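One structure is given below, encoded as structure tokens.
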């Protein structure tokens, strides 16, 4: 694989949006202001998220891999998304399936599921990267050069699952601009289509995940009020329930099920499920030893089988409504997303649950990719009027720290708008304690062992002192991708020592880097090319943004001198972009970064002032009056203002 | 600590218009959100992330009456937090204990309606306390010693909130 052949220096890199689904994946882009799904040479939009590893070490993805699934149940990975960011002991590995897993030898290895494929061990991140590579080349066939990418994830994905998805993007050679929640992406596609304001519920039942999101669309701002779901619930579970019945009808004993037959039963179940969306009764044939067996399933039987699965979505929906502080009758609409919402019983259930017929005029399987393409376009700054559209998403699951007795202290509760940050102060509990263990968890349960463990680390070097005297400050930050970083500070000695930890789901940055090298045919040489491409894409983005700002905010420059420094740095960077040295491009990007720093702060202050000033005269008058009030208040009580001295507070 | 009132550009008072707060949060987000700076140089992206976090945090504090009251008190130099505040009255403690027992009984009986009725009663009480606290904040000089009069009500609010959280957890458990 030679990247330079694909990379055409003359073609402008274009942003794309990817829906990396459990069953199918899609890639979309914006063309002439409208999002469209990119198709392959057979006009196919959906790429089955199926990856086959053949005996010669080749990787086959999509429809061709799907055909091999029955004959090679261990070597063909279907629904890999269900394993993203999951540990080797995850219940998912024990469900009805056809894979072999590698026994972890160390606790470190146990953090990630590893598939055993022939003599190889493959992580879900690598499998997903194969799907992403195929989507990337699909996009490159049409666009010549791909720029930034937005990849969608279920809203209910935890930190580990998000991190894993982002790494898969990196491994596939993509410049991931943002991870976007699937329901929010769908709402974006819907909202822009319909130009409607109001309160909406997005019900997203995919192949392996369920999300529900309550959001308010208000003048181009999509504000998520709450989100809920289950990252292991979807159409797959319907297939499994039906496959269990088929295997039972065939008289296959539970303890002795050939993997090939399990795969066949799962595939047959899926076909029956699809058939039952149109008709009331479906017949199917299954090849078993000793001939062909005929089976029939009615819609009523199927509905009864999936009832408990669909009802689980109701629990999440009711909670999301409660968290948003609204009732179902206050909703202006319910949007259906995901292939599994084609099942008639699901539609009936949703209608009953929310008391109104759901909207489904956009294809539920395409709408997420379309939304991702729109967001990619906005982030890349190519979209006109991009300033008016904004997505404000939330943290799906609470983040906390394990405290004494294994109890979780929540630092950031679920449904906090992101990006978010919080600070918490702790103290030592024993005399002369010099280390402090921190265990970061995610989830709603009270005990740490019932939550998802994200990271453990020890803050060392606390000077010996009596219990309760040391002050340790832990800061959580969640970025716009919903990804967490944590820093810890020891405040007592006045010497700030920082430990920064990014939660890991089992693969280190080095491992990802090594995989990246191994994936490229010519190792280092290709890596250099790739780094050059990445540096150029980033630099071009920065040049574009700076030039735009020079037009809009030139008056904020402090004299001709600052302007001259910026112009010089810009020219230097543009020259470097024309060259072929990644390191020089990076260096000069940093130079531009440095010389624009002060100006950037002033521009941001102006943006804040404008935003606060409001839009109409009364609002401005109100603000002025209030501001005077605040000033008077501050002048009067300047002496009373004390710094925050609350050691147990949760403020930040 | 960053002053949340200042961050959102509103007057430091207890009675704030929730719609106005939401509008300010939305407009500031439009100006500061990292999505606006996706193509910007790295330092600018970091700045936007910090500012957006401040704005979101300020909104989170100000829309919640308990945190808003805490912020006002802190601003005036009154120590807050349960260890710094006066102990709750025995009457309140006794009453909350009784209510919690009723809640526990309703849970054991799996009586969802009773749980909801108990929560509704406490929500009514919460509204009363909030209104009274609003009056106290409005009437008292923003003077540290005088502002401290709202502390008992703040304490009560915390108890009511905890009760409501518990009730809502039970409601979820019973309706799933």
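Here, each number is a calculation from the coordinates, and none is a lab measurement. As the structure is a computational prediction, the values presented were derived from the model and not from experiment. Every residue, glycine among them, receives a Cβ derived from its backbone with ideal geometry; neighbour counts consider all protein chains shown.
What angle do you read, to the nearest 10 degrees and between 0 and 90, between the alpha-carbon axis of helix A:259-275 and the longest principal axis of chain A?
80 degrees
Where does each of A:604, B:96, B:133 land when they are ranked from fewest to most other beta-carbon atoms within 10 angstrom?
Result, fewest neighbours first: B:96, A:604, B:133.
What ranking do A:238, A:465, B:94, A:84 get, fewest neighbouring Cβ atoms within 10 angstrom at the top?
B:94, A:465, A:238, A:84
Given a Förster distance of 35 angstrom, what is the FRET efficiency for residue B:138 paired with residue A:403, based on the Cβ-Cβ distance and rounded to 0.05? Could you put the intermediate results ahead of the total?
On the way: r = 38 Å, r/R0 = 1.09.
Result of the calculation: an efficiency of 0.40.
Roughly how compact is region A:19-105, stated as its Cα Rg over 2.2 N^0.38 Å to two decimals?
1.31
Quick one, what does Rg over Rh come out to for region A:171-312 if you take C-alpha atoms and the Kirkwood Rh?
The Rg/Rh ratio comes out at 1.12.
Listing A:345, A:156, A:429 from the residue with the fewest other Cβ atoms within 10 Å to the one with the most, what is the order?
Ranked by crowding around the Cβ, least crowded first: A:429, A:345, A:156.
Over the Cα atoms of region A:303-390, each weighted equally, I'd like the Debye log10 I(q)/I(0) at q = 0.15, 0.18, 0.24 Å⁻¹, rounded to two decimals.
So the normalised log intensities work out to -0.73, -0.92, -1.17.
Counting partner chain Cβ atoms within 10 Å of every residue's Cβ in B:58-68, what's the average?
Working: counts 0, 1, 7, 3, 0, 0, 0, 0, 0, 2, 0.
Averaged over the peptide's residues, the number is 1.
Please give, to one decimal in nm, the separation of the simple spin-label points placed at residue A:118 and residue A:285, each 7 Å out from Cα toward the Cβ.
3.3 nm
In square nanometres, what is one fourth of the surface area of the convex hull spanned by the alpha carbons of region A:399-506?
Averaged projected hull area, Cα only: 6.8 nm².
At a 10 angstrom cut-off on C-beta neighbours, averaged per residue, how do the peptides A:372-380, A:441-449 rank from highest to lowest?
On the way: A:372-380: 28.4, A:441-449: 17.1.
By packing density, highest mean first, the sequence is A:372-380, A:441-449.
Suppose R0 equals 41 Å; then what is the FRET efficiency for residue A:554 and residue A:311 from their Cβ-Cβ distance, rounded to the nearest 0.05?
Details: r = 60 Å, r/R0 = 1.46.
In this case the efficiency is close to 0.10.
Given the Cα-Cα distance of residue A:500 and residue A:473 and 0.36 nm per residue of separation, how much length would full extension add, in nm?
On the way: separation 27, 0.36 × 27 = 9.72 nm, distance 1.23 nm.
Working it through step by step, the gained length comes to 8.5 nm.
How shielded is A:390-396 by partner chains, expressed as the average number of their Cβ atoms within 10 Å of its Cβ atoms?
That works out to 3 on average.
Let me know the volume per residue of the alpha-carbon convex hull for region B:90-175, in Å³.
That works out to 81 Å³ per residue.
So what's the gap between the Cα centers of region B:41-84 and region A:414-463, to the nearest angstrom?
20 Å
When you have a sec, figure out the Kirkwood radius of region A:565-606 from all distinct Cα pair distances and drop it here in Å to one decimal?
10.7 Å
Give me the distance in nm between label points sitting 7 Å out from Cα along the Cα-to-Cβ direction at residue A:446 and residue A:351, one decimal.
The two pseudo-label positions are separated by 4.2 nm.
Determine, from the Cβ-Cβ distance of residue B:84 and residue B:173 and an R0 of 25 Å, the FRET efficiency 1/(1 + (r/R0)^6), rounded to the nearest 0.05.
Working: r = 34 Å, r/R0 = 1.36.
Here the calculated transfer efficiency is 0.15.
Once both labels are modelled 7 Å past Cα along the beta-carbon direction, what's the residue B:91-residue A:67 spacing in nm?
The modelled label-to-label distance comes out at 8.2 nm.
How big, in percent, is the set of alpha carbon pairs in region B:4-63 lying more than 18 Å apart?
Working: 605 of 1770 pairs.
Percentage above 18 Å: 34.
Counting every Cα pair in chain B, what percent are over 22 Å apart? Don't skip to the end; give the middle numbers.
Values: 8761 of 15400 pairs.
Result: 57 percent of Cα pairs exceed 22 Å.
Using bins 10 angstrom wide from zero, how does P(r) for the protein assembly as shown break down, in % of all Cα pairs?
Cα pair-distance distribution for the protein assembly as shown, in percent: 2, 11, 21, 25, 21, 13, 6, 1, 0, 0.
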